[in-house]
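Trainee: One structure, as structure tokens, below. Some questions next.
The values are calculated or read from the model by the stated rules, or taken from the named source; none is laboratory data. It should be emphasised that the depicted structure is a prediction, and the values quoted were computed from it without experimental measurement. Cβ placement follows ideal geometry from the backbone for every residue including glycine, while neighbour counts extend to all protein chains displayed.
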Amino acid sequence: NSEHSGSRQFFQGNARVHLIQCGPHGIFGFVISRVDMLGSFLLGPPVSQPWLQRHHRTTGPEHSVPHDPHIHPHIPNPVVCLAEGDVILFQLHILPHNRSASHYPVYQVQHLFNSNPHWDFGAFRRLRHLIQETHLNFSRFAHQFLDPGTYVFRDNGLPESFMVVLVKKKGVACSPSLSPVQPSSPYQLTRHGVLRRRLPNLGPDWAVITGV
């Protein structure tokens with residue numbers, strides 16, 4: 001399938017799907033407020049932020065962008081709270097003439113926020129291989145998170161853009177009254193237990209702290 005990577009992968013159980021976009025302006029988490037948003041996300045163009053219309057105006061009608069800013073409410077550099085077994089569907093942005101600068105999630109193995117050193121991120125290594133070492137073109141990548149923990153990713157083509165994935169154990173719910181996609185503010189990271197104490201070797205600049 002030219003649109004999806006890992007199309008033969010089967011997910012365990014009744015998996016909830018969360019939507020993340022990697023693109024020229026970084027990583028965005030989508031707040032699913034309507035039932036039809038998943039279909040719109042799947043069928044829409046790789047770049048769906050309305051405010052990118054001017055930047056892509058010369059790319060032709062096949063890359064047109066929706067004008068309604070409420071189609072995809074999105075949060076940059078998100079914290080995504082998952083239940084064990086949830087799936088993240090990533091929208092990718094592969095640059096056919098400069099694949100090494102393509103936009104896709106890269107797991108930050110050494111990041112201080114990571115809490116599970118034994119996590120197998122082989123699926124993300126394979127994703128990198130497919131993009132960097134082959135000529136395959138696809139625009140979606142799905143991964144089911146089965147292991148509880150905290151995992152930090154950055155955008156390959158825009159390393160300062162990042163996301164924090166929190167996978168909760170069964171029976172330990174994310175706040176049911178809030179969207180699972182939230183800004184990566186100190187408050188949210190503290191609320192989720194990512195920041196339990198101040199790390200002495202990190203400076204006061206929060207952009208630096210979260211981008212380590």
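Trainee: I need every pair where a residue in segment 99-113 that is under 18 Å from Gly23 (Cα atoms) and in a helix (DSSP H, G or I) has its Cβ under 6 Å from the Cβ of a residue that is at pLDDT 95 or above and of a type in the set (A, V, I, L, M, F, W, C), sequence separation at least 6 or different chains.
Mentor: Sorted first by the residue in segment 99-113, then by its partner, the pairs are Arg99/Ile131; Ala101/Leu95.
Trainee: Got a number for residues in segment 122-139 being surrounded by 15 or more Cβ atoms within 10 Å (Cβ to Cβ) and closer than 21 Å to Tyr151 by Cα?
Mentor: Initially, segment 122-139 is screened for residues surrounded by 15 or more Cβ atoms within 10 Å (Cβ to Cβ), giving 123-124, 127-128, 130-131, 138-139.
Filter once more, so that each one left must be closer than 21 Å to Tyr151 by Cα: 123-124, 127-128.
Residues flagged as surrounded by 15 or more Cβ atoms within 10 Å (Cβ to Cβ) and closer than 21 Å to Tyr151 by Cα within segment 122-139 amount to 4.
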